[in-house]
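Notes follow once the structure below has been shown.
The values are calculated or read from the model by the stated rules, or taken from the named source; none is laboratory data. Keep in mind that what you see is a predicted model, and the values were worked out from it rather than measured. All Cβ positions, even for glycine, are placed from backbone atoms using ideal geometry, and neighbour counts span all protein chains on display.
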């Protein structure tokens, strides 16, 4: 994996855009365990359970949001999180 590769993240809740931008890594609470996403991984679609989504930005800062459920997809380094509710931690 090249260090200049990033993820393009779009994170939305039913009522608003939660966060969008570039990230090094995203970790989400999938129903079958934590799902870590990094650049170059295979396309994946997963249902989310209640828990924390962690986004490590390209600046190294970690953003943490609590979600109540939804889904996440990753394809060609594009991550889309669609959740019922999200609360910034």
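In segment 1-34, of all residues being touching a residue at least 60 places away in the same chain (Cβ under 8 Å) and under 9 Å from the mean Cα position of the chain (by Cα), the one that is nearest to residue 57 (Cα to Cα) corresponds to 9.
Counting the residues of segment 49-89 that are in contact (Cβ under 8 Å) with a residue 40 or more places away in the chain, closer than 18 Å to residue 5 by Cα and under 10 Å from the mean Cα position of the chain (by Cα) gives 5. Within segment 1-19, being surrounded by fewer than 14 Cβ atoms within 10 Å (Cβ to Cβ) and closer than 20 Å to residue 89 by Cα holds for 14, 15, 16, 17. Scanning segment 61-89 for residues that are more than 15 Å from residue 10 (Cα to Cα) and modelled with pLDDT of 95 or more yields 61, 62, 66, 68, 69, 87.
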